[in-house]
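Below is one structure, written out as structure tokens; the observations come after it.
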Amino acid sequence: MTVNDYKKQFQLVLPPFYDEMERTTIFYWAIEFVLGYTKVTAVLNGNESVSDENQSKINQIIHRLQNNEPIQYITGKGYFFGYEFKVTSATLIPRPETEELVDWVLTEMKKQPAKKWRVLDIGTGTGCIPITIKKEFPLAEVSAIDVSTEALNVATGNAKQLNAEVTFMEKDILTVKDLDTYDIIISNPPYVRNLEKVEIKENVLQHEPHLALFVDDNDPLIFYKKITQLAHQILADDGMLFFEINQYLGNETQEMMQPYFKNITLQTDFMGNNRMMKAQNKL
Ligand SMILES: C[S@@+](CC[C@H](N)C(=O)[O-])C[C@H]1O[C@@H](n2cnc3c(N)ncnc32)[C@H](O)[C@@H]1O
């Protein structure tokens, strides 16, 4: 088998929920993981025969992909804002829409570049949000919370690897009480209702942590309500709250926040879905 033969095979044998472009991307990730080739090198070496040992490694990857395992869990890494993050089955794979949220936060922070921002991320997973903010704003004091010990271990390792000083705290946001004061609170909490499971692809449903994704159909804003009330108490006077939200619950989320926050702005993501919210604390 040559590299090009594998390129064709990936198109033929991956699960049907991947489109052609995703299959191509996954192919290049797999080739980079096994052969160490960048996309350009893989194209240039397309006619090269793959050794038996490497064929066996690629075949194992194909097998795992056919079991709907995301390529990021197979290679153990994902990308966010150009940084490489370790991911495991205890962490959500960072998403491009969350990059947009972070971009929005950074745009606000850049309006006061000299300010010593105090930033808290709630439900941090890989730590992609606070680590990116610390990398982009080295002067900021950045903290993050998660309830999952395994996720926090991954996040701590990512912060070390990327040389970003972030304070990680193991806390349940639904019961936490004493937190410091912050200028910005960001959260991408679990927001997918069980009734939306039919829309979720098998690779996500079978392999990503349900603790990170799902909420009860009867109380889908549980995290948003708790975080809104908490943020209202602990944010500085002109403090800002940023949420990634369930695209179907933009209006409900906004209404729920109104008694506590002003200037609530809803923004769509690159897919045109209501996906993020920015609001300013009411005194
Ligand atoms: C949607 S994921 C977001 C992960 C990461 N911030 C990202 O954007 O990729 C939600 C995170 O919230 C965490 N989480 C779930 N329940 C929690 C709770 N009660 N308290 C704190 N964190 C919680 C999960 O472990 C998960 O890491």
query: Can you give the calculated 222 nm mean residue ellipticity of the chain, where each DSSP H run of n ≥ 4 adds -39,500 (n - 2.57) and the sum is split over every residue, rounded to the nearest 500 deg cm²/dmol?
result: -12500 deg cm²/dmol
task: Any chance you could look up the accessible area of Lys110 with a 1.4 Å probe, heavy atoms only, rounded to 10 Å²?
output: 120 Å²
query: Expressed in nm to one decimal, what extension gain is obtained for the pair Asp52 and Asp103 from 0.36 nm per residue of sequence separation less their Cα-Cα distance?
result: 13.9 nm
- request: Using a cut-off of under 15 Å, list every residue of segment 96-138 whose amide N is near the label point 7 Å from the Cα of Glu22 along the Cα-to-beta-carbon line.
  value: 96-97
query: With springs only between Cα atoms under 10 Å, which of Pro16, Pro259, Pro190 fluctuates most in a Gaussian network model of the chain?
result: Pro16
- prompt: What accessible area per residue comes out for the chain, rounded to a whole number of Å², with a 1.4 Å probe?
  reply: 48 Å²
- request: State the percentage of accessible surface on the chain attributable to carbon and sulfur atoms; use a 1.4 Å probe and exclude ligands, DNA and RNA.
  value: 49 percent
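Could you please put Ile200, Ile61 in sequence from largest to smallest accessible area, using a 1.4 Å probe?
Reading off the accessible areas and sorting them downward yields Ile200, Ile61.
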All lysines inside 21 Å of Lys160 as judged from Cα atoms, apart from same-chain residues fewer than 8 positions distant: Lys77, Lys86, Lys134, Lys135, Lys171
message: Using only the heavy atoms of the protein chains and a 1.4 Å probe, how would Arg64, Arg95, Arg275 rank by accessible area, largest first?
response: Arg64, Arg95, Arg275
message: Student exercise: in segment 198-283, how many lysine pairs 8 or more apart or on different chains have Cα atoms under 28 Å apart?
response: 9
message: Compute the angle between helix 149-161 and the longest alpha-carbon principal axis of the chain, please, reported from 0 to 90 degrees and rounded to the nearest 10.
response: 80 degrees
query: Which whole-number value in Å³ per residue fits the convex hull of the alpha carbons of the chain?
result: 133 Å³
- request: Alpha carbons only, please: Rg and Dmax for segment 173-283, in angstrom.
  value: 14.4, 45
message: How many angstrom lie between the Cα centre of segment 1-78 and the Cα centre of segment 138-174?
response: 32 Å
- prompt: Would you list Asp219, Asp19, Asp180 from the most to the least accessible area, probe 1.4 Å?
  reply: Asp180, Asp19, Asp219
message: Please check: in the Gaussian network model of the chain (C-alpha springs, under 10 Å), which one of Asp146, Asp52, Asp172 has the largest mean-square fluctuation.
response: Asp52
message: Placing one identical point scatterer on every Cα of segment 213-252 and ignoring solvent, what is log10 I(q)/I(0) from the Debye formula at q = 0.23, 0.34 Å⁻¹?
response: -0.84, -1.25
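The values are calculated or read from the model by the stated rules, or taken from the named source; none is laboratory data. These numbers were taken from a predicted model, which means no experiment stands behind them. Glycine also receives a Cβ, built like all others from the backbone with ideal geometry; neighbour counts cover every protein chain displayed. To get the accessible areas, we keep the full protein, side chains included, count just its heavy atoms, and leave off ligands, DNA and RNA. Shrake-Rupley method; radii C 1.70, N 1.55, O 1.52, S 1.80 Å.
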